[in-house]
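Step one of this worksheet: look at the structure below.
Nothing in this text is a laboratory measurement; each read-out follows from the coordinates by a stated rule. Remember, it's a predicted structure, so these values are computed and weren't measured experimentally. Neighbour counts are summed over all protein chains in view; Cβ atoms, including those assigned to glycine, are modelled from backbone coordinates with ideal geometry.
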Amino acid sequence: MKTFVSENADKRINKLLDWIIYISGYTLTLYLVDVIFNAFEVDNLLYYFWGSIILFILNKTIKKIVFKLTLPITGLTFGLFYFVIDFLMLKIVDFVLGNHFDIYGIWWGLFIAVSISVIHFILEEVILKPLMRKM
């Protein structure tokens, strides 16, 4: 019985730590994109944090559904439509946070979505996966 409770507690701690690392990664990614591009603007650190939480929730829920619905289009475009889905997720965050989180222009938004995907991929492969393997 104690091992069962210990395993559940460890799983909860790992999920909480995983969530904290992902939110920190999304926050860092949004900050880097804001520093790099003039077409993307976030007011302050609080809105980076809120934007990363909303983006995390959208990526874990709605993005999976939208991806499955648009799989034929994504296949026909050899995966390039996936960045349009990322852009749509960013526009939803832009809509929810209002004037505190702004993306100016569709083409810049697509380029920012590609940049966020690349930065997040690098962050996940270099930091998150090796860290999770150690636990």
Worksheet item: If you project the alpha carbons of region 2-134 onto their three principal axes, what span does each projection cover, largest first, in Å?
Response: 55, 39, 27
Practice prompt. Calculate for the chain the 222 nm mean residue ellipticity that helices alone would give, adding -39,500 (n - 2.57) per DSSP H run of length 4 or more and normalising by residue count, nearest 500 deg cm²/dmol.
Written response: -26000 deg cm²/dmol
Fill in: Extended-chain gain in nm, criterion 0.36 nm per residue less alpha-carbon gap, L76 and D18
17.5 nm
Practice prompt. Determine the sum of side-chain charges near F81: Lys and Arg each +1, Asp and Glu each -1, restricted to other residues whose C-beta is under 14 angstrom from that of F81.
Written response: +1
Fill in: 3J(HN,Hα) from dihedral phi, region 74-81, Karplus parametrisation 6.51/-1.76/1.60, rounded to Hz, x for glycine, proline
5, x, 5, 8, 6, x, 6, 5
Discussion item. What does the C-alpha gyration tensor say about the overall shape of region 62-135? Classify as rounded when a/c is under 1.5, otherwise prolate if a/b is larger than b/c, or oblate.
Written reply: oblate
Worksheet item: How many nm is it between the label spots at Y104 and S117, if each spot is 7 Å from the Cα in line with the beta carbon?
Response: 2.5 nm
Discussion item. For region 71-114, what are Rg and Dmax over the alpha carbons, in angstrom?
Written reply: 11.5, 36
Worksheet item: Which residues does a label at F37 reach in region 67-86, if reach means a backbone N under 13 Å from a point 7 Å past the Cα toward the Cβ?
Response: 83-86
Fill in: Cα pair count fraction exceeding 17 Å, expressed as % - region 20-61
24 percent
Worksheet item: For the chain, modelled as a GNM with alpha-carbon contacts under 10 angstrom, which of G25, G51, G75 fluctuates the most?
Response: G75
Item to complete: Using a Gaussian network model of the chain whose springs link C-alpha atoms within less than 10 Å, name the residue from Y104, Y31, Y48 with the highest mean-square fluctuation.
Response: Y104
